[in-house]
Amino acid sequence: MKILADIGEYIMIIAQAFRRPDKGSVFRQQLFFDLKQLGISSIGVVFIISIFFGTIIAIQMAYNIDNPLVPKTTIGFGTRQMIVLEFAPTIISLILVGKVGSNIASEIGTMRVTEQIDALKVMGINPANYLILPKITAAMLYNPVLIIFSMFLGLLGGWFAMLMTGLVSLDFYIEGLRSWYDPFTLTYALIKTEVFAFIIASVSAYKGYTVKGGSIEVGKASTDAVVICTILIVFFDLVLTQMLLT
C-alpha cells in the first residue's frame, strides 16, 4: 500500500509542477541556472567515460570477431550499434542518475528541511512549479545533447583504438560505421533518452521534495532517488526496446 501511496503523491506533486509558471522571467532564469548546474557540469564525466567505453567496445569487438569469414567491417558496425542503441542512451543515463539525480534530491531536500519550501508557500509561490519544472525541462533539453555528444565520442574512441592497436584497418572501421545504417536507431535512442531524463529529474525532485527530518534524511532521500531511478531506467529500457524494436 505504501508504494501506491507514494505513486499517488508523486503524480500529485508532478501535476502541481506542470502548472503554468507565475512569472515567465523567473522560470527562464531558473531554467538557465539548471541547464548549467545539471547539463554543462556533466560534460566532463560524459567525455571521459564515452571515450574509454568506445575504445573498450571496439577492442572487444575486434578481439571476438576473429573468423576470417566475417568481414572486418563488422567491427565498426557492431561498435556503432552498441554505442547508439544501448551504451550512450542507457549507460550514460545511469551515470547521470548518480550525478544529476543525487544533486536534485539533495538540493530540494535541503530546502525542505531548512523550511525554504514553506517560505515559498507563504509568499504565494507554487514551490513544486518553481523548483521542479525547470529541472525537468533542463534535463529533457540537455540530456539528448549529452547523449549525441557521447555517441560521437564513443565512435571516436573506437577509431583511436583501431589506430593505436592496428587490430583492423581504419578504412574497414569507418566503412563499418557507415554500413547498414537505419535512421530509426537514432530516433529510438533519443526517445529512450527523453524518457530517462524525465525519470531522473522528476523522481529525484519528488524524493527531495517529500523529505521529512534533517540532514540524515536528505542523504537517505538522495540515495533512494538514485536506486529508484536506476531500477526505473532499466525497466523502461526493456519496455521501450520491446515496444520500438520488435
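Computed from the coordinates by the stated procedures, all read-outs in this text should not be read as laboratory data. Every value quoted in this text rests on a predicted model; they were computed, and no experiment measured them. Every residue, glycine as well, gets a Cβ built from its backbone with ideal geometry; the counts of neighbours run over all protein chains shown.
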* **Rounded to 10°, Cα long-axis angle of helix 2-17 versus longest principal axis of the chain** => 80 degrees
* If the limit is 29 Å between Cα atoms, which of Lys2/Lys23; Lys2/Lys36; Lys36/Lys192; Lys192/Lys212 go over it? -> Lys2/Lys23; Lys2/Lys36; Lys192/Lys212
* To do: Sort out for me the Cα centre separation of the range 1-36 from the range 220-246, rounded to whole Å.
  => 20 Å
* Asked: Among Leu170, Ala62, Ile199, whose Cα sits farthest toward the positive end of the charge dipole of the chain (+1 at Cβ of Lys/Arg, -1 at Cβ of Asp/Glu, about the Cα centre)?
  -> Ile199
* Zero-based 10 Å bins, Cα pair distances in the range 1-90, whole percents -> 13, 22, 20, 21, 15, 7, 1
* Structure fact -> Placing +1 on each Lys and Arg Cβ and -1 on each Asp and Glu Cβ in the range 72-128, then taking the dipole about the Cα centre, the residue among Ile92, Asn103, Gln81 whose Cα reaches farthest towards the positive end is Gln81
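For Ile40 and Met12, calculate 0.36 nm times their separation in residues minus their Cα-Cα distance, and state this gained length in nm to one decimal. Write out the running numbers ahead of the final one.
Values: separation 28, 0.36 × 28 = 10.08 nm, distance 3.00 nm.
Working it through step by step, the gained length comes to 7.1 nm.
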* Based on the Cβ-Cβ distance from Val70 to Val122, what FRET efficiency comes out when R0 is 51 Å, to the nearest 0.05? -> 0.15
* To do: Using a 10 angstrom cutoff on alpha carbons, build the Gaussian network for the chain and name the most mobile of Gly101, Gly154, Gly213.
  => Gly213
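Where does each of Arg178, Arg112 land when they are ranked from fewest to most other beta-carbon atoms within 10 angstrom? It would help to have the intermediate numbers written out before the result.
Numbers: Arg178 11, Arg112 22.
Ordered by Cβ neighbours within 10 Å, fewest first: Arg178, Arg112.
For the range 29-245, calculate the relative contact order in percent as a whole number, restricting contacts to Cα pairs under 8 Å that are 6 or more residues apart. Please list the in-between numbers first.
Details: 280 pairs, mean separation 81.7, N = 217.
Reported relative contact order: 38 percent.
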* Structure fact -> When Asp34, Asp224 are arranged by how many other beta-carbons sit within 10 Å of their Cβ, fewest first, they go Asp224, Asp34
* Local charge sum around Thr73 (other residues, Cβ-Cβ under 11 Å, Lys/Arg +1, Asp/Glu -1)? -> +1
* Structure fact -> So for R0 = 22 Å, FRET eff. of Thr187-Phe235 from the Cβ-Cβ r, to 0.05, ends up at 0.55
* Cα-projected label distance for Thr110 with Gln242, points at 7 Å along beta-carbon direction, nm -> 4.0 nm
* 222 nm [θ] for the chain, helices only, -39500 (n - 2.57) per DSSP H run of 4+, per residue, to 500? -> -25000 deg cm²/dmol
* Could you give the Stokes-Einstein D for the chain in µm² per second, using the C-alpha Kirkwood radius, 4 °C, 1.567 mPa s? -> 67 µm²/s
* With the dipole of the chain worked out from charges on the C-beta (+1 for Lys and Arg, -1 for Asp and Glu) around the Cα centre, which of Ile125, Gly158, Thr230 lies farthest toward the positive end? -> Ile125
* What ³J(HN,Hα) values, in whole Hz, does the Karplus curve 6.51 cos²θ - 1.76 cosθ + 1.60 give for the range 180-189 when θ = phi - 60°, with x put for Gly and Pro? -> 6, 7, 10, x, 5, 4, 5, 4, 4, 5
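Can you give the charge dipole size of the chain about its Cα centre, rounded to the nearest 20 debye, using +1 on the beta carbon of Lys and Arg and -1 on the beta carbon of Asp and Glu? Write out the running numbers ahead of the final one.
Working: 17 positive and 16 negative charges, 107 e Å.
So the magnitude is around 520 debye.
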* Which distance in Å, rounded to a whole number, links the C-alpha centroids of the range 182-216 and the range 58-113? -> 16 Å
* Asked: Which ordering of Phe149, Phe87 is given by a fewest-first count of other beta-carbon atoms within 10 Å?
  -> Phe149, Phe87
